[in-house]
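J.: One structure follows; several queries about it will come next.
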Amino acid sequence: MNLRTIAAFAFGPIATAGLGLVTVPAITWIFAPADVGRLNVVQIAVSFGVLLFNLGLDRAYVREYHEWPDRGALLKACFAPGFLLLLLAMALTVPFSDRISVLLFGLDEVAYYWMLVACVVVSFISRFLSLILRMQDRGMAFSMSQILPKIAFLMVVGIIALPQFSRSFWQLELAYLVSLLSVLFAFSWNTRRDWRPALGASLSNDQVRGLLSYGVPLIFAGVAYWGLDATSTLALRSLSTLTELAFYSVSMSFAGVGIVFQTIFTVLWAPMVYKWVAHGADMKRVDHVAHQALAVVCAIWVLSGTFSWLIDFVLPENYRQVKYLMLCSIGQPLLYTLSEVTCVGIGITRRSMLSLWSTLVALVVNVVGSVWLVPKHGAAGAVVANAVAFLVFFIARTEASAYVWRPIPRVKLYVAVIVAVALSIVTLAFDEETPAVVSLIWLAMVPVVFLSFRSEWTQMYRALRAAIRPNDWTEETPRERDALP
């Protein structure tokens with residue numbers, strides 16, 4: 001993958017994170033903390049719907065893309081089963097819509113639930129259309145489709161902020177739906193030459209069964225991962241208050257730099273590594289990528305700790321706790337991203353059940369930690385439980401991959417992430433008492449990280465220097481292929 005493609009894919013997450021630095025403070029100033037917490041419930045519910053109803057076939061589409069001769073048929077085979085199941089589930093929930101609204105939002109208003117259903121349907125369709133752009137390396141179109149919903153959301157929120165409009169959860173949920181519709185429109189237009197042939201593609205039962213045999217275990221792994229991701233939200237919703245849920249939600253939003261890295265990396269990594277497998281490449285290069293990714297993860301974590309105090313300048317006074325919560329929150333996207341490299345053997349060997357078991361172990365840790373910590377500590381307890389659970393998730397996936405495929409050097413990986421998680425928890429526990437000391441500790445870690453990974457930084461610098469030559473914007477170099485994607 002050449003530098004032009006990488007830059008195109010990176011543009012979207014970076015611009016989205018920049019817009020998020022405007023959007024998140026805006027909604028905290030305009031809407032009540034309880035409504036901000038309810039929006040987090042909507043986002044978690046949408047992610048659950050997409051994970052559950054795609055039946056793991058989104059992952060199957062990525063896995064089989066380079067090996068199926070008819071990609072239109074592949075898209076149809078992966079999309080149709082889950083979409084039909086989603087429509088069936090919608091019909092079955094009609095009699096219970098009011099109860100579900102009360103359960104999710106604490107408000108007896110059916111419209112809130114059906115707006116949520118619309119969000120799920122739109123996101124489900126967008127998920128599969130986005131895979132087309134991802135697998136075709138159409139980075140700029142993919143990036144613009146990520147930026148558009150943020151702009152749409154910000155515009156709607158800006159209109160709601162005008163004095164003549166009321167400010168309630170209905171308006172906030174509507175703004176979120178509008179943002180999802182905008183990205184669906186963009187994906188539909190950019191992939192129109194790919195999904196139209198899929199409508200008339202013919203399929204055999206054997207083809208669908210083959211995809212489901214790969215995807216079905218991933219249904220459980222996907223739902224288990226959703227549980228791992230959503231445990232903190234659910235625990236705060238049931239064991240604490242919507243205000244504490246708002247603090248957690250905003251802290252996760254300010255972990256955006258980690259989410260940027262996760263988004264860029266995961267978009268590029270899976271298609272690249274499966275292409276390596278299909279072409280018989282030397283897979284020892286995964287070892288180099290893992291340690292280069294670790295260097296970036298540690299740098300992001302340490303720099304976030306060093307500059308977390310800046311958050312106080314953009315949030316209302318009652319959100320002061322967020323700067324302490326954010327360092328534990330950032331562990332989720334960073335540890336997930338790192339595990340995507342170290343667990344690659346699970347996908348290569350098609351041992352997808354191991355993904356399920358790794359996720360379930362982490363889920364149990366998160367549930368136990370949340371039940372223990374959230375009632376007393378609220379959002380602080382939730383982020384600590386989440387950080388520890390994702391540490392377990394990373395280690396479990398790495399060990400499972402080493403068992404079924406080939407081991408990678410991982411002592412340095414484990415030591416670095418354990419220290420990062422521990423220091424984040426210490427910051428949350430003691431920063432209010434000794435903020436200057438804790439800030440100095442994070443600042444002192446900056447040179448440690450850059451010296452500890454000097455060989456990785458040198459490799460990435462050389463690869464980048466080679467890649468920015470004019471001829472390398474269209475042609476991939478050996479060094480670039482071995483560098484961090």
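J.: Dipole of the stretch 59-111, Cα-centred, from +1 at each Lys and Arg C-beta and -1 at each Asp and Glu C-beta, to the nearest 20 debye?
T.: Values: 5 positive and 6 negative charges, 46 e Å.
Approximately 220 debye in magnitude.
J.: Put +1 on the Cβ of each Lys and Arg and -1 on the Cβ of each Asp and Glu in the chain; which of Trp226, Ile159, Phe96 then has its Cα farthest toward the positive end of the dipole?
T.: Value computed over the given set: Trp226.
J.: How many nm is it between the label spots at Val448 and Lys412, if each spot is 7 Å from the Cα in line with the beta carbon?
T.: Simple spin-label model gives 1.7 nm for this pair.
J.: Separate question: Which of these values of P(r) over Cα pairs in 20 Å bins from 0, in percent was calculated from the structure shown: (1) 22, 54, 22, 2, 0; (2) 23, 60, 17, 0; (3) 25, 56, 18, 1?
T.: The value matching this structure is (2).
J.: Test of the criteria: in the stretch 275-349, which trypsin sites (Lys or Arg not before Pro) are in a DSSP loop and have at most 14 other Cβ atoms within 10 angstrom of their Cβ?
T.: Loop-located and lightly packed - Lys284, Arg320.
J.: Follow-up. Label the stretch 1-124 by shape, choosing from rounded, prolate and oblate, from the square roots a ≥ b ≥ c of the eigenvalues of the Cα gyration tensor; if a/c is under 1.5 it is rounded, and otherwise prolate applies when a/b is larger than b/c, oblate when it is not.
T.: Working: a/c = 3.88, a/b = 1.21, b/c = 3.20.
Oblate, since a/c reaches 1.5 and b/c is not below a/b.
J.: Here is a further query. Heavy-atom accessible area of Asp194 with all protein chains present, probe 1.4 Å, nearest 10 Å²?
T.: So the heavy atoms of Asp194 present about 40 Å² to solvent.
J.: Let's test the formula: R0 of 56 Å, r as the Cβ-Cβ distance of Ser188 and Lys376. What FRET efficiency results, to the nearest 0.05? Present the calculation step by step, with values, prior to reporting the outcome.
T.: Values: r = 48 Å, r/R0 = 0.85.
It comes to 0.75.
J.: Give me the one-decimal nm value for the distance between modelled label points at Met140 and Thr93, 7 Å along each residue's Cα-to-Cβ direction.
T.: 3.9 nm
J.: Then there is this: Taking a 1.4 Å probe, which of His66, His288 shows the most accessible area, and what order do the others take after it? Each step should come with its number before you reach the end.
T.: Working: His66 70, His288 95 Å².
Sorted descending by solvent-accessible area, the residues read His288, His66.
J.: Work out, step by step, the length gained on full extension between Thr349 and Trp309: first 0.36 nm times the residue separation, then minus their alpha carbon distance; give nm to one decimal.
T.: Working: separation 40, 0.36 × 40 = 14.40 nm, distance 4.45 nm.
Fully extending the segment from Thr349 to Trp309 adds 9.9 nm.
J.: Further, regarding this structure: Measure out, as a whole number of angstrom, how far apart the alpha-carbon centroids of the stretch 182-233 and the stretch 79-156 sit.
T.: Here the answer is 13 Å between Cα centres.
J.: Whole-Hz Karplus ³J(HN,Hα) for the stretch 440-457, in order, using 6.51 cos²θ - 1.76 cosθ + 1.60 and θ = phi - 60°, x for Gly and Pro?
T.: 5, 4, 5, 5, 5, 6, 4, x, 4, 5, 6, 7, 5, 10, 5, 5, 5, 4
J.: Estimate the FRET efficiency between Ala402 and Ala201 by the formula 1/(1 + (r/R0)^6), using the beta-carbon distance for r and 41 Å for R0, to the nearest 0.05.
T.: About 0.55, to the nearest 0.05.
J.: While we're looking at this one, here's another question. Quick one: net charge of Arg410's neighbours, Cβ under 14 Å, K/R +1, D/E -1?
T.: Working: positive: Arg397, Arg406, Lys412; negative: Asp287, Glu399.
Local net charge: +1.
J.: Using unit Cβ charges (K, R positive; D, E negative) and no other charged atoms, how large, in debye to the nearest 20, is the dipole of the chain about its Cα centre? Show your work: numbers first, answer last.
T.: Numbers: 35 positive and 29 negative charges, 206 e Å.
The dipole magnitude comes to about 1000 debye.
J.: Determine the distance separating the Cα centre of the stretch 353-404 from the Cα centre of the stretch 267-329; give it in Å without decimals.
T.: Rounded to whole Å, the Cα centres lie 18 Å apart.
J.: On to the next question. Along the charge dipole of the stretch 386-460, which of Val417, Ile441, Thr458 sits closest to the positive end, that is, farthest toward it, with unit charges on the beta carbon of Lys, Arg, Asp and Glu (+1, +1, -1, -1)?
T.: Thr458
J.: Which residues make up the longest stretch of the chain clear of GluC sites (Glu not before Pro) that lie in a DSSP loop with no more than 16 other Cβ atoms within 10 Å, not counting the sites? Don't skip to the answer; put the middle values down first.
T.: Values: sites that count: Glu67, Glu109, Glu432, Glu433, Glu475, Glu476.
After excluding every exposed loop site, the longest remaining stretch is 110-431.
J.: Relative contact order for the chain: what is it in percent, counting Cα pairs under 8 Å that are at least 6 residues apart?
T.: Numbers: 656 pairs, mean separation 106.6, N = 485.
Across the chain, relative contact order equals 22 percent.
J.: Right, next: Need one value: the accessible area of Thr241 in square angstrom, 1.4 angstrom probe, rounded to the nearest 10.
T.: Accessible area, nearest 10 Å²: 70 Å².
The values are calculated or read from the model by the stated rules, or taken from the named source; none is laboratory data. Being a predicted model, the structure only gives us computed values, none of them experimental. All Cβ positions, even for glycine, are placed from backbone atoms using ideal geometry, and neighbour counts span all protein chains on display. With ligands, DNA and RNA removed, areas are computed over all heavy atoms of the protein, side chains included. Shrake-Rupley method; radii C 1.70, N 1.55, O 1.52, S 1.80 Å.
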